[in-house]
Every structure is written in structure tokens, then in C-alpha cells.
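Data block below; observations after.
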Amino acid sequence: MEEAIKLVYASVFSPAARSYFEAIDYKVSQEKMAVLIQEAVGNRYGNHYYPHFSGVTQSYNYYPVSYLKPEDGIAVIGFGFGKYVIDGEKAHRFCPKYPKLDFLAPAAQFRNSQTSFYAINMEEKSLDLIRGEDASLLRLNISEAEEDGTLNYCVSVWDEQNNRMQAGSAYQGSKIVNFAYILKYDYFPLGSALKMVMEMIRSVMGTSVEIEFAVDLTKDGQGKPSLCILQIKPLLGNLEDYNLELAEINRDELFLYTEKAMGNGRINDLYDIIYVDRDSFDKTKTVEMAAELEKLNSAMKKERRKYLLIDPGRWGSRDRWLGIPVLWSHISNARIIVEVGLKDYRIDPSLGSHFFHNVTSMNIGYFDIPYGSDNNFIDWQWLKGRSEVSRCRHFIHVRLDEPLVAKMDGRKSISVIYKPLI
């Protein structure tokens, strides 16, 4: 325990922390820290320990769908420990106000269903704490939870013939982790509970909030499961809303337009663009791309230059097949981050979840450009016509004589980037 606490204190001197401090012009000597020790939520099953599920809920949703409003919020949950959710893997998304609304069709839910989870290894007695949280965690196949008898209220079975879901694990067929008994049939009123907690905390704090939580479905002495609040923090943003009127936007002047944007305000000093060449993109090379991008970002830091970063897939995903598995220190000088879809590479956006604190505290633009969208676009032909500073194996660096101007409307989730005025 003492060694773990010392490592937490020492973490402010890590390369990732130093990169963050440099980006926000903050001195390490000014950093103050307290260490909070929490009891892990869950129960022991054989040699493993884990909660039924964990997640994150935010009181403001920058990606509303259907009849949802941004103020309705968003929640992301996954079976087992919350590391699975925080790492941006295939977790389940829902709106606490309308928990019965499915964001994905059954077939898409099946393709994007959780297949593994994290649990504490109770057999491990000698921990290598330098590995951080990974020192005590095991990544297990979801089938191992079925043997523990903990999956029933968290999964449904997909009836492919009839294209429908059947809640519970008692049926034959492919299982999908979608928490149907909880979200659709109120075995545990998670949606209404999160909505109530968010409204209460938002009222007290006076701002939008993010809450991390875990749920233990094992009934207590009163016959009730437990919702445990683990962490609360404000969703920081620009205090001034930037209002974009669609009728006033001339698309011929735009380099980028998206209706799936996170961020708010105006950026008018972007001269550099770093992007992956779509024609040579290879999803099997994402680890190499991360290493290459780290070098490019380091060079930009030395020159004190911010840049626009564009790439297919999810930024920061631990799953190398879903995107480039970068750390924040690899892209810390990016001022706007864009996730784009390709014809053969259509990945759900990450919502910036991998670097959420960094993105919000530094008011970084985080955009999504889905493939085949009629409204959202990037002018690739214009980009290809710009002079290149450098061309690496995977990335191209372009520098402009005049700056790009970005405008982000956080209320409408609309953002635009204007081409330089020449």
C-alpha cells in the first residue's frame, strides 16, 4: 500500500504528465495531490473479483440521436470493471432519460457487443506496481462470467432468424451484452437513478458533470442491489456559446463541416494539419502509426505549434483494430482531433472518451466525419493540393501560409473549419 501511494505521488513526473503540464503551461512544482483509497465494488467468484457492471454518465451529450436532446445526457456501461469503458472499447451506450431507446440495430449490436471484461486476479500475491492498474487486473472472456452465473441480467440472445432480441441468457444463440433486463424491464432502475443523481449533482455544482459508477446486483440485507458512485467531476467548457446559423454558412468556403462535434468556441490560429493518407491506410499498422505520430507530435511541441489531426477510427483505443492506440502524450499538441470513416473502415466514434479530461479541460475540438454522410464532409481535394512539410510512411504534414478558422457550436454539436482567406 505504501509503495502504491508513493508511485501515485511520483506519477506527476512521468512523460505523459509532463507533456500535459507543458501543453497547459503548468508548473510541476505547483501540483498538489491527495490520495483517495476506495473499496472495490463487486464480489469474489472463484479466483476473480468484479462488479456486475461499471460505467460513466455525462449530463451533457454532444452526440444526441433520434429525439434525444444534448441535455438528456449519455451513459456508457460495460460488464466487469470500468477500465473496459474508460479504454473506449465495445461498451453499451444509452440515454439515462430514455434507457429503452437502442442506438444500434440488433445486427449492429451483435457486431459491437462486449466479448471480454476485467476482473481482479485474487491469486496474484506479488504485484508489479510499475504496471499500474494492470498489475492486479485480468482480461477474461465473457464466457467465464457465464460460468460464474453473473451474466443473466446483463445479456440478451439474438434470434437471427427473426431479427430480434430475447432478454436473459436462458435461450440458445449468440449472446449480446446489452443489459436489457435492467434498461428495458427495470430489474434495476439504472436509468432513472442516474438521471436523478446527475440532476442533483448538476444543480449543486452549477455545471454539467461526469460521474463514474459501478453496480453490484447482489442483493443486500434489504433485498436491493447497489449503485456506487466512484467519482464526480465537472464537464468544463467554454463559458461563451458560439452560435452557428446554418443559413449563414457558405459551404464553398469550408474545409470541414460536421454535425457530430464536441467542443465550443472559436480557433483562428491553426496553420498545421497532420493526417493519414487514406489511399495507403492499413489497419494492421496502427501500432507503427502511433510511434510515428509520437515523433511528429514531439517536433510540434518543440516548435510550440498546435495542429489539426485527422485519421480513420478511434483515437487512443486499446484495441489496435479500432484505431491508432496512442497515449495522450503522443498527440498532446493537437488543437482539433478528427475521427473519419472509410468505405471499409467504419468505426463508431469514441466521443473523446479516451482523453476526456484532457479534451474538455483544454477545450479541444473533437469531430466525427462518418463515411458516406450527405452533410458531414472534409474537402480532401483541397487538402491534397497544399504544400507538404513532410511525408512519413503513414502521415502527411501540411503547413499553411494563412491560418484555418474553426467555429464550434457546443449546443448544436455543429462545427466548421474555414479555408484560409487568400
Can you put 13, 377, 213, 21 in order, fewest other beta carbons within 10 Å first?
13, 377, 21, 213
For the chain, built as a Gaussian network whose Cα springs stay under 10 Å, the top-fluctuating residue of 114, 222, 166:
222
Once both label points are put 7 Å beyond Cα along the C-beta direction, the residue 268-residue 412 separation in nm becomes 1.9 nm
Nearest 0.05, what FRET efficiency do residue 387 and residue 27 give at R0 = 35 Å with Cβ-Cβ as r?
0.40
Given the DSSP H assignment, sum -39500 (n - 2.57) over each helix run of at least 4 residues in the chain and divide by its residue total; what's the result at 222 nm in deg cm²/dmol, nearest 500?
-5500 deg cm²/dmol
Could you check the spin-label model distance between residue 111 and residue 128? Points 7 Å from the Cα along Cα→Cβ, value in nm.
3.7 nm
Which value in nm describes the separation of the simple spin-label points at residue 200 and residue 161, placed 7 Å from the Cα toward the beta carbon?
4.8 nm
Under 5 Å, built H, 5+ apart or other chain: amide partners of residue 209
59, 60, 235
Under unit Cβ charges (Lys, Arg +1; Asp, Glu -1), what dipole magnitude, rounded to 20 debye, does the chain have relative to its Cα centre?
300 debye
Footprinting proxy, 230, 137, 256: sorted fewest to most Cβ within 10 Å, the residues are 230, 137, 256
Tell me which of 149, 169, 398 sits at the most positive position along the dipole axis of the chain, charges placed on C-beta atoms (Lys, Arg +1; Asp, Glu -1).
398
FRET efficiency, 1/(1 + (r/R0)^6) with R0 51 Å, evaluated for residue 228 and residue 302 via beta carbons:
0.70
Quick check: Cα centre of the range 33-78 to Cα centre of the range 225-297, how many Å?
23 Å
For residue 114, other-chain or 5+-apart residues with amide H closer than 5 Å (H placed, Pro excluded) are 177
By the scheme Lys and Arg +1, Asp and Glu -1, what is the net charge of all other residues having a beta-carbon under 9 Å from that of residue 56?
-2
Listing 284, 57 from the residue with the fewest other Cβ atoms within 10 Å to the one with the most, what is the order?
284, 57
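Rule-based calculations on the coordinates, nothing more; no lab input. Note that this is a predicted model, so its numbers are computed, not measured. Please note: Cβ atoms are built from the backbone with ideal geometry, for glycine as well, and neighbour counts cover all protein chains shown.
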